Structure formats: C-alpha cells, structure tokens
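What follows is a set of notes on a single structure, which appears directly below.
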Protein chains: 6
Amino acid sequence: MPTVQIEMLQGRTIEQKRKLVEKVTEAIAGSLTCPREAVTIIIREMAPEHFAKGGILRIDNK
Amino acid sequence: MPTVQIEMLQGRTIEQKRKLVEKVTEAIAGSLTCPREAVTIIIREMAPEHFAKGGILRIDNK
Amino acid sequence: MPTVQIEMLQGRTIEQKRKLVEKVTEAIAGSLTCPREAVTIIIREMAPEHFAKGGILRIDNK
Amino acid sequence: MPTVQIEMLQGRTIEQKRKLVEKVTEAIAGSLTCPREAVTIIIREMAPEHFAKGGILRIDNK
Amino acid sequence: MPTVQIEMLQGRTIEQKRKLVEKVTEAIAGSLTCPREAVTIIIREMAPEHFAKGGILRIDNK
Amino acid sequence: MPTVQIEMLQGRTIEQKRKLVEKVTEAIAGSLTCPREAVTIIIREMAPEHFAKGGILRIDNK
C-alpha cells in the first residue's frame, strides 16, 4: 500500500533508476514489514530550473 | 474545491484526456454534491521508466 | 496504474467517500480503458484553514 | 523546512521562474519566521491539455 | 491556475497561515503576471515525526 | 536534492518510522550517488477510509 513519490534532478540512467526502485522498495518493505508487491513508486524528474533552495534556482547555484 | 492529481502512463490521446476529466469531474461533483466548476484536475504523465510496482520498473515488466 | 490524489475539505461521511472512490474509479477505468483494479486513490482532507483561493483562507471566506 | 510544490502552465521564462522562487521564498520566510535557506521549491509545468477546471481541459477553454 | 502545495511543520497560528497565503499569492501573481484569484494554495501540516532530513526524523534532531 | 513523499496507512510506531527514513535515505543515496544529507522525506499517514484500490475503500476490504 505504501505509495512513494520521488522528485529528483534529471540525468540519471535507467540503470540508476532500476537500482533506485529496487533498493527503496526493499527499504520500505523491510521497515514496515509489508510485501514488496504492495509498494508503488512514482519518479518525477526536474530540470535544474525547476528546483530552488533558499530562493535560488538550482541552475543559478554555482 | 476538490483538487485532483492524476498520475498515469504516457500515451493517451487528447480525446481520452478530454473524456477523463469530464467523467472524473462528474463523478466527484455527483458524489460530493459540489458544483462541477469547483473541481480542478491536474494530469501528470509518466514514462514507463518512472513507475515501479514491487521494486520493478514498468519498462522491465514483461 | 493510474494513481489519483484527491484533496478536499473535511466533513464528508464514509458513505460519500465510498461513493466517491467507486465513481471516480469507474470514470477512470472507462475513459482510459484500464481495469478497475489498476486504479489507486488517496484521499486527503483539509481543514478550512488549510485551503486558500485568491490569497484568502477558506475559513475567512464568508 | 517548508517544502513547496508549484504547478503552473508551461511557457514561463527562466527570468520569471527566478523571480517566482525568490519572491515565494521571501513570502514564506517572512510569514513563518524561518530562514530563507529552509525553503525548498519544486516547480512543475503542465501542458494545457493536462489541466482542467469544471471538467474542461484548458486546451478546450476558449 | 497556479496550484501550490505547502508542506510545513505543525504549530503555526491561524494568523500566520492567513499571512502566508496572502503573501505567497501576491508573490506568485506578481512574478507570473496572473490574477490573484487564479492562485490556489493547499497547506499540509506535518508532525515532527513525519519529516526527515539526511535519514533522521525531525523529532530526533536535537 | 531528492525529495520523497511516502503515503502509508496510519498505525506505525515511531521506531518503524525512524527505521523507514534511515533505510530509504540510505537506499536513495546509494543508488543515486548523492550525500545522505541531500535527501528529504515527508511521511503522510492515511486513515483506512482514505485509501482505495479498484474502487473499494481499504476500510471495506475484508
């Protein structure tokens, strides 16, 4: 049942995403004692102009 | 006032999206007894490499 | 696969929520031609002090 | 700590987004009395076929 | 049309929330040149046991 | 930078949530090769009347 939304900067490979969902699912199933099949993950990629910290876009953050 | 976010795999036609928002709005207005105009819907499309169930990316799910 | 998040003001009965998820699931499955079992819905209730339109909290909106 | 998600129609310039995150961060830090550095903002752009009000896609809303 | 979700720790007064939505709406309308009435804000409060940074719950963060 | 939202049924202990954020942060940092400090997690708990699968509320799912 756990439903997970992960927001991250664009640019990761499919291999990294594959590993990401495998490891995060494992971490959730292990911590909450629920079956792996119950875990749903949605990944959303952001352009660096769509993330800001402290009022500064990532794209401007040198 | 109801605000709805729908996450779905990419690849639907505009005609399907048109029907989707019409029918979902109708379903919400009818169930909650609120005016149709009060319902806002945001659609987000996912690539098959951005959705996972049971730790397996949709793209790997044959 | 469609994952739906519905944000609405608190105060609806279980019967209304039951009808809501039944009708919205039907609307989505019908519009997108997917099985009903593929549709997940998360409901989130808001206190009237947690929703604003035009800069005015719902609680102040007489 | 405040985490903000802003959903808006696509088509804004980087300059507008730069101003947006600066002003929103300032507004939050000022209202909640927290440091600007604590504010995270995620922007998500929507195509006009992905936003609906009253059951009508923005793209159909003349 | 901009739809904003703000996640923050619980404990703010109504007066702070009132100021928050007023200022954030103003900031968005000013930056994106849209009418104030087009801005919707949803506030969600978190208990300190529901926020983590660097793998540590806020409640454990002395 | 990864920002994670986890939606789960209410009823977990603080100890389970502590383990959850530790393990999920580790899984993300390891898969994406980013520092643990960059990972933010928001947990949201749902009442069983606020989650539905296949049009049936969890509360009705015997």
Q. All but one of (1) without any contact (Cβ under 8 Å) to a residue 12 or more places away in the chain; (2) closer than 29 Å to E:Ala47 by Cβ; (3) surrounded by 19 or more Cβ atoms within 10 Å (Cβ to Cβ) hold for D:Gly30; which doesn't?
A. (3)
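Conditions tested, residue by residue: (1) within 14 Å of chain D (Cβ to nearest Cβ); (2) open to solvent by less than 50 Å² (accessible area, probe 1.4 Å); (3) touching a helix residue (DSSP H, G or I) at 6+ places or on another chain (Cβ under 6 Å).
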site	(1), (2), (3)
A:Met8	yes, yes, no
A:Glu15	no, no, no
A:Val21	no, yes, no
A:Ala38	no, yes, no
A:Phe51	yes, yes, yes
A:Arg58	yes, no, yes
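Okay, residues lined up against (1) acidic (Asp, Glu); (2) assigned to a helix (DSSP H, G or I); (3) at pLDDT 95 or above:
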residue	(1), (2), (3)
F:Gln5	no, no, yes
F:Glu15	yes, yes, yes
F:Lys19	no, yes, yes
F:Ser31	no, yes, yes
F:Glu37	yes, yes, yes
F:Lys62	no, no, no
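Would you mind stating whether B:Thr3 is more than 9 Å from chain D (Cβ to nearest Cβ), among the β-branched types (Val, Ile, Thr), buried (at least 21 other Cβ atoms within 10 Å of the Cβ) and within 15 Å of the chain's Cα centre (by Cα)?
Working: more than 9 Å from chain D (Cβ to nearest Cβ): yes; among the β-branched types (Val, Ile, Thr): yes; buried (at least 21 other Cβ atoms within 10 Å of the Cβ): yes; within 15 Å of the chain's Cα centre (by Cα): yes.
The answer is yes for B:Thr3.
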Q. When you go through (1) at the interface with chain A (Cβ under 9 Å from one of its Cβ atoms); (2) open to solvent by 50 Å² or more (accessible area, probe 1.4 Å); (3) under 30 Å from E:Ile59 (Cα atoms) one by one for D:Ile43, which number turns out not to apply?
A. (2)
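The values are calculated or read from the model by the stated rules, or taken from the named source; none is laboratory data. Computed from a predicted model, the values in this text were never measured in an experiment. With ideal geometry, Cβ positions are generated from the backbone for all residues, glycine too; neighbour counts draw on all protein chains shown. All accessible areas refer to the heavy atoms of the entire protein, side chains included, with ligands and DNA or RNA removed. Shrake-Rupley method; radii C 1.70, N 1.55, O 1.52, S 1.80 Å.
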